[in-house]
Amino acid sequence: SQAIHDYCKAQNDAVLEARGSKIQCRALLPVGFPRSPEQLNDPANAMKNIWCMVSCDMGVGYSDIEERLRYVHARTTEMKEKPRAFMQLTVQNKVGPYIPNSVGQQTVFDTFSRHSLVLTNVPGPSNRCLFAGKVAKSVQLFFDNLLTQVDLISYAGSVYGNIIFDADELPNSEIFGRLYAGGLVDLAEKFNVDVPAEVKEAARA
């Protein structure tokens, strides 16, 4: 959300200037649910996930990075504590299969067109793994989507990420990677967290 805020400022965005913290910029967050031991031990179901998409405002309009962090923390905490995600899952799985295809397609279209991006983060293995007998030194999570997509995955003590967007729809899109790295650096410095040299370098690129 810091990168989106900084990008809008760099583009002299009139909506951000006019609405400030009241601006709405929402992400769809995939929310996973725990599975029973029976599901985990069943070879036919062990690799399946139970999840749904939940809407969350990103606080893009806040100019202070700490204030934005508090806002996002409050929104995501509320999402975890209230039954909204479970109700979404219930409607998705219990009602969805019985509605006409045209209604389902329109619902999906309306949902995605009213959000700015999909943000997903996946906790990966804490230790390096073998792939085809070789040690995998790093991994990437990449999901091509019609909507802007932010993918993050942790692996062996590091976090890897990709941002997928339509460069034709974002003027000066080449600055977005630098702004994203810059947001990480600003947040880390705010809380006295050491920043890897490669992230600092990306923020200056």
Would you mind telling me which residue in A132, A167, A188 has the biggest mean-square fluctuation in a Gaussian network model of the chain, where springs connect alpha carbons within a distance under 10 angstrom? A132
Over the chain, calculate the relative contact order: mean separation of alpha carbon pairs under 8 Å at least 6 apart, over the residue count, as a percent. 19
As a percent rounded to 5, the proportion of antiparallel DSSP bridges among beta bridges in the chain is 65
Sites Q11 and A44, calculated FRET efficiency, Cβ-Cβ separation with R0 41 Å, nearest 0.05: 0.25
List, in order, the whole-Hz ³J(HN,Hα) value for each residue of region 102-114 obtained from phi through the Karplus relation with A = 6.51, B = -1.76, C = 1.60 and θ = phi - 60°; use x for Gly and Pro. 4, 5, x, 5, 5, 5, 4, 4, 4, 5, 6, 6, 9
Quick one: which residues, 5 or more positions from C52 or on another chain, have an amide H under 5 Å from its amide H? H modelled 1.01 Å from N in the peptide plane, none for Pro or chain starts. V31
Between region 157-205 and region 77-120, what's the alpha-carbon centroid distance in Å? 30
Label-point separation, R128 to K94 (7 Å along Cα→Cβ), nm: 4.8
Cα-projected label distance for A197 with M87, points at 7 Å along beta-carbon direction, nm: 5.2
Any of K48/K80; K80/K200; K80/K190; K134/K200 with alpha carbons more than 23 Å apart? Name them for me. K80/K200; K80/K190; K134/K200
Report the net charge of residues surrounding Y71, where surrounding means a beta-carbon distance below 14 angstrom and charges are Lys +1, Arg +1, Asp -1, Glu -1. 0
Once both label points are put 7 Å beyond Cα along the C-beta direction, the T76-A156 separation in nm becomes 2.5
Normalised by the number of residues in region 39-115, what is the relative contact order in percent for Cα pairs under 8 Å and 6+ residues apart? 28
Peptides 138-146, 175-183: what's the order by average Cβ count within 10 Å, highest mean first? 175-183, 138-146
With every protein chain left in place, what is the accessible area of C129 in Å² (1.4 Å probe, nearest 10)? 50
Comparing Q39, Q105, Q149, which has the greatest mean-square fluctuation in the GNM of the chain with Cα pairs linked when under 10 Å apart? Q39
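The values are calculated or read from the model by the stated rules, or taken from the named source; none is laboratory data. Everything numeric here is computed off the predicted structure, so don't read it as measured data. Reconstructed Cβ throughout: ideal geometry from the backbone, glycine too, with neighbour counts over all protein chains shown. These area figures cover heavy atoms from the full protein model, side chains too; ligands, DNA and RNA do not enter into them. Shrake-Rupley method; radii C 1.70, N 1.55, O 1.52, S 1.80 Å.
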